[in-house]
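Right, one structure below, let's go through it.
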Amino acid sequence: MYPESTTDSPARLSLRQSGSPGMIYSARYGSPKRQLQFYSQDAGVISVHGTPRGVSRTTEERLNRQNANSPNTGTRSKFRAVAMVARSLGQLSVQSVPTSSEQSIKTGMKYRNLGKSGLRVSCLGLGTWVTFGGQITDEMAEQLLTLAYENGINLFDTAEVYAAGKAEVVLGNIIKKKGWRRSTFVITTKIFWGGKAETERGLSRKHIIEETVRAMTHVINQGMAMYWGTSRWSPMEIMEAYSVARQFNQIPPICEQAEYHMFQREKVEVQLPELFHKIGVGAMTWSPLACGIISGKYDGRVPPYSRASLKGYQWLKDKILSEEGRRQQAKLKELQAIAERLGCTLPQLAIAWCLRNEGVSCVLLGASSTEQLMENIGAIQVLPKLSSSITHEVDSILGNKPYSKKDYRS
């Protein structure tokens, strides 16, 4: 079985460091930082190619003592990776119960290991793609982050590219303002590998992966991060990174961030379980509502102020209005009937359906209002209702259950 917690608070995080650049997962121990523009200037800036800036001498000396030991496919020569950021805003704490534990009991939040690491994360995380620094105001972003934290969510995801870096700044400023104990939450961010300079192109895949592993190992050894993982890498690329890490005594990735929802299943349900059992790489998934398609609001049209109506999202609008989009809407109407029988909304059913997969450590939510976020968090209450007969009925409607030669559940 995949490691999972049924308790109401995260277990203590091991201080063992493991991980290397590509998408960045930040660890529970440490302050919000920026990898190439990771969080706000006030929270400190980290550069992959240089030493940390914006950190006080006192903080730096303490850290030195502690560390003495949207979807574009892109080209295969470009990668993303994830690292866990871990510099301390205050004293390093190893307390296990978050300040939001009382609220998490109310929502029934569950916590799972991120892969086979010791890092415990809430089964639901809050993402910042499209929303922070873009679709919503900074005030609404603060409300969402606060509400998520108070309801047991301890993982916040962002990326260098989100809103041209503004999403990281907004997130960092809010976290600094709130003053939450740093040991009670995890920050993940992502950086993009690639460019037009001579040193950024024309390299073999092996060369790029090896440099990524070495760079992220350096980041972790310097105390800038606790763990690293990948985002939108193929299983072959992840295995290469793991092999390189073992060959050169470097730190391997612990997690892959992948798209997963009712209309996209192959990678998370077939490919990643094999990697989990072979090398311990877990799964963090995004877009449980397929960029809002599964919300039910796109019924043959694109409402104003929806994500598909935003500038730069013509690809989503085309997808919704395509023939395949119309077939998906027909299936959603059948799924809506199941949701009504279970006494939940369609989005709650879709998110609970993602959570039913024990191989998923964390499902990232995207929300533009407090009402939407609370509705999504309510999916945890639907999870116990997803019996084998219900999941079989959903599979029959979707008609896309991937075939796996092996069963890794035993």
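Counting only residues that are of a type in the set (F, W, Y), within 13 Å of the chain's Cα centre (by Cα) and farther than 30 Å from G312 by Cα, how many does the range 102-155 have? Final tally of qualifying residues: 0.
Taking every residue in the range 386-400 that is closer than 19 Å to T345 by Cβ and pairing it with any residue that is outside any helix (DSSP H, G or I) and open to solvent by less than 50 Å² (accessible area, probe 1.4 Å), at least 6 positions away or on another chain, the pairs with Cβ-Cβ distances below 6 Å are L398/M262.
Taking the residues in the range 345-381 that are hydrophobic (A, V, I, L, M, F, W, C) and over 23 Å from G282 (Cβ atoms) as candidates, determine which candidate is most open to solvent (accessible area, probe 1.4 Å). Checking each candidate, the answer is M374.
Number of residues in the range 117-139 that are open to solvent by less than 10 Å² (accessible area, probe 1.4 Å) and of a type in the set (S, T, N, Q): the value is 3. Note on the range 218-321: no enclosed helices (runs of 4 or more DSSP H) hold 2 or more residues that are among the basic types (K, R) and open to solvent by less than 40 Å² (accessible area, probe 1.4 Å).
The values are calculated or read from the model by the stated rules, or taken from the named source; none is laboratory data. Keep in mind the model is a prediction, meaning the values are calculated, not measured. When we count neighbours, we look across all protein chains shown, and the Cβ atoms used for this are built from the backbone with ideal geometry, even at glycine. Only protein heavy atoms, including side chains, enter the accessible area calculation; ligands, DNA and RNA are left aside. Shrake-Rupley method; radii C 1.70, N 1.55, O 1.52, S 1.80 Å.
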